[in-house]
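Reviewing the structure listed below.
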Amino acid sequence: MRLNIITTPNPILRQKAKEIKKDELDSKKFRRLVSDMVETMREKNGIGLAAPQAGENARLICIDARETDQRGRIEKEKYPELIYNESNLVIINPSITWKSFGKTVIEEGCLSIPKVTGNIKRSKSIRMNCMNLEGKKIKIKTKGLLARVLQHEIDHLEGILFTDRI
């Protein structure tokens, strides 16, 4: 089922999202949310979607890793434990533990702020901890497009919008 995308100025976009407990992962409600978020992200041609954008106060991110876009390629094969439905990454309770000093500036947009883009400076590479759909703790070290998308989506979980960084 396609979800409605929450747009500014809805206050849910400014809330810090709640951690997901391991015992919630097998619930029908949670599994449905993951499925619906992936479907919505794809229908809206988004590269990523955070649960608050779907009106859910949860530390959950879905990333479309199907193909390359003009900014690069998401190497999903490096993260097999996070793959959902062959070509998406599902990331639960992400927490960035390190960011590179090296930065890049790239134009970003957001499904929650329609028709607005801006040049955003973000770290080239990051390290983070998260959990997968089975509740396994995962450590990720990534760079390039995936690092950028993760930083953008984790900002949503912290109540930060990309326009705050312009």
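The values are calculated or read from the model by the stated rules, or taken from the named source; none is laboratory data. Quick caveat, the model's predicted, so the values are computed rather than measured. A quick note on method: Cβ atoms are made from the backbone with ideal geometry, for glycine too, and the neighbour counts reach across all protein chains shown.
Those strands (runs of 3 or more DSSP E) of the range 99-165 in which 1 or more residues are of a type in the set (Asp, Glu) occupy 103-110. Candidates GLY46, GLY118: the one that is out of contact with any helix residue (DSSP H, G or I) (no Cβ under 7 Å at 6 or more places or on another chain) and among the small types (Gly, Ala, Ser) is GLY46. Restricting ASN85, ASN93 to those that are of a type in the set (S, T, N, Q) and in contact with a Cys (Cβ under 9 Å, 6 or more places away or on another chain) reduces the list to ASN93. Filtering GLU43, GLU86, GLU19 for residues that are of a type in the set (Asp, Glu) and touching a strand residue (DSSP E or B) at 6+ places or on another chain (Cβ under 7 Å) leaves a single hit, GLU19.
Among residues of the range 64-91 being surrounded by fewer than 24 Cβ atoms within 10 Å (Cβ to Cβ) and β-branched (Val, Ile, Thr), the one that is modelled with the highest pLDDT is VAL90. Considering (1) under 14 Å from the mean Cα position of the chain (by Cα); (2) touching a residue at least 60 places away in the same chain (Cβ under 8 Å); (3) under 17 Å from GLU19 (Cα atoms); (4) not in a strand (DSSP E or B), the lone condition that PRO94 does not fulfil carries the number (4). If only one of ILE140, ILE126, ILE61 is closer than 19 Å to PHE30 by Cα and either among the hydrophobic types (A, V, I, L, M, F, W, C) or surrounded by fewer than 13 Cβ atoms within 10 Å (Cβ to Cβ) (or both), which one is it? After ruling out the rest, the residue left standing is ILE61. For ILE74, the stated conditions hold: it is assigned to a loop (DSSP other than H, G, I, E, B), within 17 Å of the chain's Cα centre (by Cα), closer than 23 Å to ARG42 by Cα and not basic (Lys, Arg).
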